Each structure stands twice: as structure tokens, then as C-alpha cells.
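Coordinate-derived values only; no laboratory data. Note that this is a predicted model, so its numbers are computed, not measured. Note: ideal-geometry Cβ built from the backbone for every residue, glycine included; neighbour counts use all protein chains shown.
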Amino acid sequence: MQEKEVWKNILSCLETELSRAVVATFFRGTELELRENGSACVLCPHRLSADYLRTHYEEILNKRLEELTGTPWNLSFAVRSIPQSKPKELGPIFRSASHDGLFAGYTFENFVVGLSNQLAAAAAQAIVERPGQLHNPLFLYSRSGLGKTHLLHAIGNSVKLTQSDAQVLYCPAERFTNELVAAIQDRRSTASFRRKFRSVDLLLVDDVQFLAGREASQEEFFNTFNELYLAGKQVVLASDRNPSEIQKLEERLASRFSGGMMADIQEPDLDLRLGILQRKAVEKGASIGNETLLALAEKISGNIRQLEGALNQLLSLASAQNISPSVDLAATLGKSVVHQAALCPEEILVATARYLQIDLENLRSKKRNKEIVFARQIAAHLLRELGQLSLNKIGELLGGRDHTTILYGLQKIERELPNNPILRTQLQAAQVEILGKTS
Ligand code: ADP
Ligand code: MG
């Protein structure tokens, strides 16, 4: 059998075991290379995907490969070098969402409810039952990583399920602004811009704090809001703070935002953290003892994104050492995740460059080809997440770039995350690996 056929066979086996969507997402752009010396290599389009496949699918791939060819192989994962002339190869990581902008993976079913988020979750559920009638607008706010984006998508997905003819649109405020700017530049498209936003039954706008200081966007958004509101359509907004705390937000918008129902999400308590870990472990098909999960939940407080990252790291460590996840193992990794605030920025940068397998020089250079720009944006994201650095400091570390350039890159990644599970998981994996190396 040819390599190509072997790989095709394996992938179609996996489709039945893991589902077609998983295979389409995680194995996109991969190839198999079989060598005479008994080594088999899975070639991946980029480092992040190679790491992900190694951590999650090495065992099952090994098994299927041996079954299919009748001999054992020494399996490895590598990055296929990307020809310069085809920078589009990096494309899959920026998969675009369906036109309603919804990510099907964020649902009410996989949103774990606890004391800190029950008000927000209940308000969100109520929207689905009676859109436009109960809480309009619903305004969700909290620190980052506590589930606002997840709830917005859950509302959208659920409304689509229960009312199949409803027009739903999820849009981060930044995209609203960008599309508005583009529409204004090309006069003919203002009408279609308005039609797009004003013809929906449910408008979900994420990160509305982004509108701060942007006058044209605020004006347009105010009119969009009023038109939808008067027509009895539902609007749901999410922000990293309360409307009254968003500076440079026009008074009339702030008062519209707070005119319906406001629900905040607080830091998750221990019970909720444990509940989320249990849920995520089941989703990943991993069997981890409750004491181990509890140890993890005790170590990592605050951000739920970090909690997921820690769980992933625990699973990769266990599989790398061929042992089951234990309280002791959880103790070793908690340390690096908890102490992240103390990381030195230069160390993070060096570890990030190493992780992405890109020269530090290139990250800092003026080069603008797609791969390097993308790597630079990922580096900025990791510096921000791991080092909590200012935009100016990140710009300085990345070759003296302007803070607006850094902001643009960060927003690009941030915007991509809800729609792109592979990028999300991989960035988490990158974070925990880098933390492991620097502490
Ligand atoms: P925010 O928009 O508030 O920054 P997100 O909605 O992006 O936060 O949540 C960060 C991550 O944590 C996502 O992967 C999300 O699925 C997960 N998450 C947050 N809250 C919960 C919850 N209650 N149950 C399950 N997963 C959650
Ligand atoms: Mg969000």
C-alpha cells in the first residue's frame, strides 16, 4: 500500500472512532511518510499541530498503523517545511467561521454552572426562551476568561436550534468597527452593512469595550441598537467591565447598555473549578481521579482558560511519562502555572521563539511574510497572557514595534480563538509548555 493510501485509511478509521469533525479539524494538511528503517513520520503543516497530534493521538495512530501494515513503526511527528511560494498553507489555522459567526462548540450543555456564573447563565437561558421580551439588552460582564464569549455563542446556538428560521449574528465589536470603516470607504456598501446588522432577530456583540473612543462606530452602533430594539429584536452584549466603567463611551450608549438586564460573572469558587475540570476530563475521554482534579482546582484559581490549560498539561505530562495523572504530578505542574506572574519577559520571549521554532532575530526583524507575521502575533499573545506585559513593552521586545501594531495582532488572535478550537488548544499547550521551561 502507498503511504497516501495508508494515511487515508487510517484517517477514515479515525473518523468513525473520533468523528469526522475532529479529523477534519486536527488532521487537516497532514501527510504520512514511511521510511525503510521502520520509522514513520506524520508531517504537519505547523509546529502547533505537530505538538497537538503527538500529545493526543500518538497512541491511537501507532495502533492503527501497525494493524494496517502488519508491522510496528517508530512513529514521530514533524513539521513539513512550507515552500515560500505558498504561504497560504498556514491558512487552515485561520479557518473562517460560518456566516453567522457562531462556534458550535460553545453550548449550554457544556457550560458548567456554579455560584459565580448562575445569574449570567440563567439570564442567557431566559433569552432563548423569550428572545426580545424579557431582558433587552442582556449585558454580560466579567474579567477575561470567565465564560462570556462561551455564553454568547451558547445563546446563539440554542436559538438557532429552537427557532430554525431566526436570523442570528455573532460579532465582536472590533469586527463591527472594521466592517463599518470598510463600508464607509466604499460608499456603495454602507447600505449592505446596515442591512446585515439591522435585519437580524438576535445580535450578539462581544467585547463592546472596544467601541470606547471610536465615535463613528458608537454613532452607528447606537442607531443599529435602536432599530433592533424598537423592532423587538434581541441584543446581547458582553464586555470586560460594567458600562459605567467603560471610559470614552457616550452617555447615551452606556445608558442603553444598562437599560435591560446586567449580569456579571465572578471568579469561580473551588466547587465550580472542580466541576469544570470533571466535565473537561470527561470530554477528553481521560480518566482522572477526583483527588487529582481537586489538587489541580485548588492550585489554579481565577481564570478558566488557565484551568483548561493546566488540565491539558497534566494529560500531556502523564502521557509523556507513560503514567496515570496523579496528585503528585498535579503538584509539579501547578507550580509553573501559579508562578507565572514572576516570569521574566525575555525568558518568555526566548521560550516562545523556541516553541515556535523560529529565530528570535526573525521575530524582531522587519520581515513581513505571512509565517513570520503570524508567529509574531502568537508571540505577542503569549507575552501578554504569560507576562501580563503592556502593549508598549511587547512592542519593544518584538523589535521596537508600535503599540497599535501589537494591539492589531492581539485582536486578530483574540478574534480567531472562539471560532478556532485547534488554535485555542494549541495556544494553551504552548503556554503550559513555555511555563514549564521557564520556571
Ligand atoms: P471570556 O469571554 O469571559 O474571556 P471565554 O468564554 O472565552 O471567556 O471562556 C474561556 C474558556 O473557558 C473557554 O474555553 C470556555 O469554554 C471556558 N469556560 C468558561 N466558563 C466555563 C464554564 N462555566 N463551563 C465550561 N467551560 C467554561
Ligand atoms: Mg471573550
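Data overview
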item	result
Alpha-carbon Rg with Dmax, taken over the stretch 113-190, Å	15.3, 49
Neighbour-count order for Y408, Y170, Y52, fewest beta carbons within 10 angstrom listed first	Y408, Y52, Y170
Sorted by Cβ neighbour density within 10 Å, fewest at the top, the residues R384, R35	R35, R384
Entries of K8/K412; K196/K280; K233/K284; K148/K366; K248/K412 with Cα pairs more than 27 Å apart	K8/K412; K196/K280; K233/K284; K148/K366
For the chain, calculated [θ]222 nm from helices alone, where every DSSP H run of n ≥ 4 adds -39500 (n - 2.57)	-17500 deg cm²/dmol
Positive minus negative residues near Y229 (Lys, Arg vs Asp, Glu; Cβ under 14 Å)	+2
Cβ-based exposure ranking for E227, E5, E174, in which fewest neighbours within 10 Å come first	E5, E227, E174
Positive minus negative residues near L146 (Lys, Arg vs Asp, Glu; Cβ under 13 Å)	0
Kirkwood Rh in Å, taken over the chain so that all alpha-carbon pairs contribute	23.5 Å
Isotropically averaged projected area of the stretch 353-399, using the convex hull of Cα atoms (one quarter of hull area), nm²	2.9 nm²
Share of pairwise Cα separations in the stretch 274-375, more than 22 Å, in percent	43 percent
